[in-house]
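For reference, the structure is listed below as structure tokens.
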Amino acid sequence: MDDVANEADVSQTTVSLVLNHADGARLSSLTRERVIKAAAKLGYQPGRRGGAPPSRAATIGFICDEISTDPWTSIGFDGVREKAWERGLTVTVAVTRGDVDMEAAALEQLASQPLLGLIYATINTRLVHPPATLPRTPTVLLNCHVANAALPSVVPGELAGGHVATNFLLRAGHRRIGYINGEPSMEASRQRLKGYRRALATADLPFDPELVRDGNWQPISGYEGAQALMRLPKRPSAIFCANDLMAVGCYEALRELGLRIPDDVAVMGYDDREIARHLHPPLTTVLLPHFEMGTIAAELLFDMAARLAARPDQIKVECPIVERKSV
């Protein structure tokens, strides 16, 4: 849908409304025609319902701690919803805000429905301790995991993502690469930093702690981190930001210093947020694959419900490079 939106010069929401035949949406006939032509040109077909549900269960339960503070959980939910509808199933969502009592009440309500299974999701990748009151149905963890691998989980391959991003900069000829990390306490920050360090080691380059700055995922920390890196006696020729929002701040800092991207300093982001394609120049970044993670979690749930295969302990989903113009 992103590709169709770009081709038709409309938002992804408009693409969804047109291709799902939302007749109540106030869209001009010209806009509808442009979206349909773009979809036909690219060969895009929205997910279609196909086949009967694997059981009499009518729904999948989707329980999460947050869904609106960042896009990731809702993107993962979209992957689950689309894959579920292909089987003729709907998805029932409960948002708990991390409240233990609200979670218990939501699980009790979900357990009263004819569930195929449950997907338990978190907005940040982390270790979780799911409640003992989980319904006795197949359960898959999305963007989280348990210590003893008692439940199957689907998470992003963050270490590999940090490695592929750094390696992309190395292959572009950079040998002194600054890194602006997220909050050090978070699993994503630790894993992306490990990937950065591993890529340097593979290239026989020493790790220089002066080139690493801790941030907080917000643009201001990207701005401050870039300013600090550019004050070093030996400046980096590239900066890898652990998310796109910090890359926004990094862009601002480099521009204030009169430096051009990518001519003077290359910039790499992470996440592939919507804003990445609208920066000047458009930001080269790493895709955080929550939609694919959602589809994989749903497929795992189908297999578990049908007892088709032994469940894996954990699936780590690839985080590929989205190449634009900032490197």
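The values are calculated or read from the model by the stated rules, or taken from the named source; none is laboratory data. Treat the numbers as computed from the prediction; the structure is a model and nothing was measured. Every residue, glycine among them, receives a Cβ derived from its backbone with ideal geometry; neighbour counts consider all protein chains shown. Areas reflect the complete protein model, heavy atoms only, side chains present, ligands, DNA and RNA absent. Shrake-Rupley method; radii C 1.70, N 1.55, O 1.52, S 1.80 Å.
Comparing Cα centroids, region 222-250 and region 125-162 end up 33 angstrom apart. Comparing mean-square fluctuations of Ser29, Ser237, Ser153 from a GNM of the chain with C-alpha springs under 10 Å, the top value falls on Ser29. For Glu323, the accessible surface of its heavy atoms amounts to roughly 130 Å² (probe 1.4 Å, protein chains only, rounded to the nearest 10). Shown is the FRET efficiency for Arg231 and His280, computed with R0 = 25 Å from the Cβ-Cβ distance and rounded to the nearest 0.05: 0.55. In plain terms, the chain from Thr90 to Glu183 could stretch by 29.9 nm, reckoned as 0.36 nm per residue minus the Cα-Cα distance. The helix-only estimate of mean residue ellipticity at 222 nm for the chain, built from DSSP H runs of length n ≥ 4 each weighted as -39500 (n - 2.57), is -12500 deg cm²/dmol after division by the residue total. Note on Asn148 and Val100: with the Förster distance fixed at 35 Å, the Cβ-Cβ geometry gives a FRET efficiency of about 0.95.
Short-range pairs are left out: with C-alpha atoms under 8 Å and at least six residues apart, the relative contact order of region 220-327 is 26 percent.
Heavy-atom surface analysis with a 1.4 Å probe gives the chain a carbon and sulfur content of 50 percent of its accessible area. Under a 5 Å amide H cut-off, with hydrogens placed 1.01 Å from N, Gln314 pairs with Ser153 among residues at least 5 apart or on other chains. Would you list which lysines come within 23 Å of Lys316, measuring only between C-alpha atoms, while excluding same-chain residues fewer than 8 positions from it? Those lysines meeting the cut-off are Lys83, Lys194.
Pairs of Cα atoms nearer than 8 Å and 6+ residues apart set the relative contact order; for the chain it is 17 percent.
Of Met102, Met186, Gly157, which is farthest along the charge dipole of region 67-190 in the positive direction, counting Lys and Arg as +1 and Asp and Glu as -1 at C-beta? Comparing the listed Cα positions along the dipole, Gly157 ranks first. For Tyr251, the solvent-accessible surface computed with a 1.4 Å probe is close to 0 Å², ligands and nucleic acids excluded. Put simply, the convex hull of the Cα atoms in the chain casts, on average, a shadow of 19.0 nm².
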